[in-house]
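Before any comments, here is the structure.
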Amino acid sequence: MPASAVLKESSPVLDLPVLASRSEAVACARELVPKLRERAAHAEDLRRIPDETISELRASGLTGLLTPKRFGGSELGIATLVETTAELAQGCVSSGWVFGNLVGHFWLLSQFALDAQQSVYERPGALVSTIFRFGGNAPVREDGGYRIKAGEGKWASGIDHADWVILGATPSGEEPKFMLVPRKDFTIVDDWHTSGMRGTGSKSIHVADAFVPDAYVVRFADVVAGSTPGGAALDISLYGLPMSIALPLSLVGAPVGAALGAIHVFSKSNHARLSALVEPELSAQSATFARVGEAAAMVDAAFALILRDAERVDAMQGVGDVSARYRFQAPRDLAYVAQTCRRAVNSLIEASGGSTIYNTSEIQRIWRDINGVCGHVGFNWDATMTGAGRFELGLPATTFNRFSK
């Protein structure tokens, strides 16, 4: 039965479909893949995700995957997010990336006080973007909150569709904080002109003058430690985990889906040509067969590894379940999976012929996208492997994770 034929329960707050299971969520995502594939080039031309894609993601209930049930969400967990993101990214890498980011940000939202969360969920289908390193003038303490004047930040994926943004900022003379800011208080800077991931619309924003009440602020150190007011109030294990364990997994479905999509495109484009050959010409293509077979094995293994990690996180009951080893293993696996998928796509591009030079080439777009996304600091191979290697050797090591500092 197609996902659209399943009668879904309506949520009390979001008034959007509630997905009952991981399998239902994956089926919904799979239904959308052909549409996303049709719009992938359009998303690149727009330099943002098309409005109809966002509307379909909302209407399907997929944007509520990590929203707490208390606020009408599905609360299905990290493994569901990874798998659905990978499905969507097979159709459009940029759409998968934005989906994973926007849905993952609901985990970060859950760390704020309940009143702040309620303010976001009052608008059905509201979405939240994030900037982890907000610059410009430092926020200044005022009575009851903080004043931001002439602040700015980059890399706000999906910001065109966001109703709120979470800013990682360091107020003058204080420790780092996360601040929740509504759409009316920031402007979007149209500066996203890139070689890859064009459709993500990861533009900059500017905050001219905004007041952020204390209820919309949470300490960065508390989010890192898994000891926030929101997490405690929700009293659900997922929302009480350290940020470095849960949130980064929202990123990795996109490169996995990109690689799966590249295998699909490569196989489809070569099938007609190769199936028309007879021996000995067919045997002469053995290198092509071996290349696509190896790429498929690489991606399958990478996907299995990261799903294992995500399922492990979903099973955790709290901070006490996060071992010292896993604090190094988590960022290691994140980088390993993304970079393995990147290598698989690069291998296929090498065997794709001269036609990939045209901008209309689907596999060329995937190649540009995955090489762009793998430049993300969360997928930094050298730093994560160095830390993991030092840990394995019993040497002093510092965990490399942008979400733990």
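Every read-out reported here was derived from the displayed coordinates using simple, explicitly stated rules and does not represent laboratory data. What you see is a predicted model; the values in this text were computed from it and never measured. We place every Cβ from the backbone using ideal geometry, glycine too, and count neighbours over all the protein chains shown.
Could you tell me the relative contact order of the chain? Use alpha-carbon pairs under 8 Å, at least six residues apart, and round to a whole percent. Walk me through the intermediate numbers first.
Details: 786 pairs, mean separation 65.5, N = 405.
Computed value for the chain: 16 percent relative contact order.
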If F186, F71 are placed from fewest to most neighbouring beta carbons inside 10 Å, the sequence is F71, F186
Taking a ≥ b ≥ c as the square roots of the Cα gyration tensor eigenvalues, with a/c under 1.5 meaning rounded and otherwise prolate when a/b beats b/c, else oblate, which class fits the range 113-204?
oblate
Could you list which residues have their amide H under 5 Å from that of L19, counting only those 5 or more apart in sequence or on another chain, with H placed in the peptide plane?
S74
Label D190 and K268 with points 7 Å out from Cα along Cα→Cβ: what is the distance between them in nm?
3.2 nm
What residues qualify as long-range amide H neighbours of G145, i.e. H under 5 Å apart, gap of 5 or more or another chain, H built at 1.01 Å from N?
D214
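Can you show me the helix-derived [θ] at 222 nm for the chain, built from DSSP H runs with n ≥ 4 at -39,500 (n - 2.57) apiece and divided by the number of residues, rounded to the nearest 500. Spell out each step's value before the answer.
Values: 13 runs with 194 residues, N = 405.
That comes out to -15500 deg cm²/dmol.
Using Cα pairs under 8 angstrom and six or more residues apart, how large is the relative contact order of the range 128-219, in percent? Show your work: numbers first, answer last.
Values: 219 pairs, mean separation 31.9, N = 92.
Answer for the range 128-219 is 35 percent.
List the DSSP H helices in the chain whose Cα atoms stretch 20 Å or more along the helix axis and whose mean Kyte-Doolittle hydropathy is at least 0.0. Don't skip to the answer; put the middle values down first.
Working: long enough: 22-46 (33 Å, -0.48); 78-91 (21 Å, 0.62); 93-109 (24 Å, 1.08); 253-275 (32 Å, 0.38); 286-315 (43 Å, 0.58); 324-350 (40 Å, -0.40).
Long hydrophobic helices here: 78-91, 93-109, 253-275, 286-315.
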What FRET efficiency comes out for the pair N359/S23, r = Cβ-Cβ distance, R0 = 45 Å, nearest 0.05?
0.75
